[in-house]
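Step one of this worksheet: look at the structure below.
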Amino acid sequence: MTGVTMTTPLAGYLLVAALLFAIGLAGALVRRNAILVLIGIELMLNAANLNLIAFWRYGPHPEALTGMMFAIFSIAVAAAEAAVGLGLVIAIHRHTDTTELDKMNRMKG
Amino acid sequence: MKERTCGPHLRWPAALRLCCSSTWCTALWPPRWPLPGWRCCFLQLDAQFAGFAQILVYIGAVAILIVFAILLTRGSDLPKDGVFSRTWFVGLVIAAGVFAVLGVGRVAKRARCAAADRRSLPSRVHDIGNALVGRYVLPLEIVALLLTAATIGAVIVAMHEKERPR
């Protein structure tokens, strides 16, 4: 792969990331189901990861691996967030017998 | 320097080309199948390690969690008011506005001015491993601790509670 030029400009990756973020945001704002809202949040995190990688790759020092490390740690944080979020959804479903966000209107367990 | 900039007419074709085609992953993929989305962006950006790590994490962990969560909560009643929230139109407008701001406005304008190193970098999994156990070993340990705590916390939160004596 050394010496092969990249044909896609940075704006292409940023547009894909922006589209992904908008789809995730729409999923998080539009849907009622808590699991689908979590999936939307995961899409937004994926868009952020793509931005991190693109800016690292097109930045002045791609050999420093900072963007790559940031993206890897962000993936780990996203996995942790998904685990805790889905655990919360299951716990709330056990108490209220629903996963609709409109019906989750009290903090008391 | 001129070839490093991208004009306004290159934005949408470049994004479409990014979604629909690729370099060597196109050769590995059956020609009539759609490419698996934005994961190929990682391959094109010479971030194969991050791309495959993301595929492993999301297919191996997050997707399984979501499937189990759906299976465990599918006994709930179907929503009478539909699957969309009452303010779905406002949500769509907000999402469209965010995309307009991010994609068409500020981001693309800044990207036009960004100087890009267009040479591909060699595969650097060895360098990534060295960096993870060298310079970034403390963040790696913190993330490992975070993952362990999140896993234990998720199990405790989702664990079946015993009936409290009244």
Which number in (1) out of contact with any strand residue (DSSP E or B) (no Cβ under 8 Å at 6 or more places or on another chain); (2) at pLDDT 90 or above; (3) surrounded by 21 or more Cβ atoms within 10 Å (Cβ to Cβ) marks the one condition that residue A:23 misses? (3)
Within segment A:67-87, is there a residue that is at the interface with chain B (Cβ under 8 Å from one of its Cβ atoms), surrounded by 20 or more Cβ atoms within 10 Å (Cβ to Cβ) and in contact (Cβ under 8 Å) with a residue 40 or more places away in the chain? yes
Among residues of segment A:89-101, those that are surrounded by fewer than 17 Cβ atoms within 10 Å (Cβ to Cβ) and at the interface with chain B (Cβ under 7 Å from one of its Cβ atoms), counted: 1
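The values are calculated or read from the model by the stated rules, or taken from the named source; none is laboratory data. The structure displayed is predicted, hence computed values, not measured ones. Neighbour counts are summed over all protein chains in view; Cβ atoms, including those assigned to glycine, are modelled from backbone coordinates with ideal geometry.
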